[in-house]
Each structure stands twice: as C-alpha cells, then as structure tokens.
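Beneath this line is the structure, given in structure tokens, with notes to follow.
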Amino acid sequence: MTAVKTVPVATKSKPAIGLEVSWTDSQFVMIISDRGVVACGVIDKDVMERVGAAIAIARGTPEKQLVTTADLLSAKIQDVTKKAYDYGVRVGMTGKEALFIFSD
C-alpha cells in the first residue's frame with residue numbers, strides 16, 4: 001500500500017518534520033529541520049554536496065529497515081556532508097543527536 005505521512009518531531013528548540021513514505025516494494029524516511037536533514041540511505045550524498053546541503057545519512061539493513069522517524073532517530077549516522085560535518089554532526093552519532101545539532 002502506498003502511504004505518505006508527516007510526523008512532528010520534537011527537538012530541543014525548533015520543531016522538525018518527519019516524512020515517512022512507503023509503497024509496495026520499499027520505503028524511505030527523513031526528518032527535515034531548519035539547518036539540515038537526517039535521512040535514510042535513499043539520499044544521494046554527492047548530489048547534496050553539490051548543492052551545499054547539510055545531510056546526515058543512516059542506513060538500514062534488510063533485517064532492520066528504517067521505516068519510521070523513531071527508527072531514524074535511534075539509528076547510527078553512517079555518512080555526512082561537509083556542511084553537516086561543519087555544524088558538528090559526526091559519523092557514529094544517533095539520528096537524534098544529529099537532529100538536535102541541526103535544530104540548535
């Protein structure tokens with residue numbers, strides 16, 4: 001079944017919006033804040049680097065897919081763009097830690 005759901009996500013300051021998208025064969029999830037995005041592996045880091053975006057990427061596995069914003073908040077960040085790194089986001093942080101940096 002195809003579904004698109006927006007979810008409010010609390011941060012320590014400014015609110016963020018989660019986007020959960022699914023269809024018959026797959027899904028993706030991301031959380032958008034004022035300064036950056038925490039996303040699953042659907043995001044192309046090279047494209048985001050070219051446009052100067054702050055992106056923190058977590059990747060699920062077939063056994064533990066990232067489907068909900070809660071999944072993404074607890075997942076470990078595996079890749080970041082230069083702008084995200086400049087803000088202080090690091091590989092190994094949780095999605096929640098990255099989001100809090102982006103919403104500061």
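The values are calculated or read from the model by the stated rules, or taken from the named source; none is laboratory data. What you are looking at is a predicted structure, and each value in this text was computed from that prediction instead of being measured. Note that each Cβ is placed from the backbone with ideal geometry, even for glycine, and that neighbours are counted across all protein chains shown.
Anything in the range 81-92 that is crowded, with 22+ Cβ neighbours inside 10 Å and aliphatic (A, V, I, L, M)? List them, or say none.
Those that are crowded, with 22+ Cβ neighbours inside 10 Å and aliphatic (A, V, I, L, M): Ala84, Val89.
crowded, with 19+ Cβ neighbours inside 10 Å and not β-branched (Val, Ile, Thr), is that true of Met1?
When the stated conditions are applied, Met1 does not pass them.
Tally the residues that are within 11 Å of Val38 (Cα to Cα), touching a residue at least 40 places away in the same chain (Cβ under 8 Å) and either part of a loop (DSSP other than H, G, I, E, B) or in contact with a Phe, Trp or Tyr (Cβ under 9 Å, 6 or more places away or on another chain) (or both), restricting the search to the range 71-97.
2
At pLDDT below 95 and not in a helix (DSSP H, G or I): which single residue out of Gly52, Gly60 fits that description? Lay out the reasoning, then the answer.
Numbers: Gly52 fails: at pLDDT below 95.
From the options Gly52, Gly60, the qualifying one is Gly60.
So which residues in the range 60-78 are under 11 Å from the mean Cα position of the chain (by Cα) and surrounded by 17 or more Cβ atoms within 10 Å (Cβ to Cβ), if there are any at all?
Leu66, Thr69, Asp71, Leu72, Leu73, Ala75, Ile77
Filter the range 20-38 down to the residues that are within 16 Å of the chain's Cα centre (by Cα) and either farther than 20 Å from Lys83 by Cβ or not in a strand (DSSP E or B) (or both) and list them by number. Please lay out each step first, then the result.
Taking the range 20-38 first, the residues within 16 Å of the chain's Cα centre (by Cα) are 20-22, 27-38.
Glu20, Val21, Ser22, Gln27, Phe28, Val29, Ser33, Asp34, Arg35, Gly36, listed by residue number.
Between a first residue in the range 5-17 that is under 10 Å from Phe100 (Cβ atoms) and a second residue that is among the β-branched types (Val, Ile, Thr), which pairs have beta carbons less than 8 Å apart while being 6 or more apart in sequence or on different chains?
Ala16/Val9; Ala16/Ile31; Ala16/Ile32
Scanning the range 8-39 for residues that are among the acidic types (Asp, Glu) and either surrounded by 17 or more Cβ atoms within 10 Å (Cβ to Cβ) or in contact with a strand residue (DSSP E or B) (Cβ under 9 Å, 6 or more places away or on another chain) (or both), which turns out farthest from Asp71 (Cα to Cα)?
Per the stated criteria, the residue is Asp34.
Residues checked against (1) of a type in the set (Asp, Glu); (2) closer than 26 Å to Thr2 by Cα:
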{"position": "Asp34", "(1), (2)": "yes, no"}
{"position": "Val37", "(1), (2)": "no, yes"}
{"position": "Lys45", "(1), (2)": "no, yes"}
{"position": "Gly52", "(1), (2)": "no, no"}
{"position": "Ile55", "(1), (2)": "no, yes"}
{"position": "Pro62", "(1), (2)": "no, yes"}
{"position": "Asp79", "(1), (2)": "yes, no"}
{"position": "Asp86", "(1), (2)": "yes, no"}
{"position": "Leu99", "(1), (2)": "no, no"}
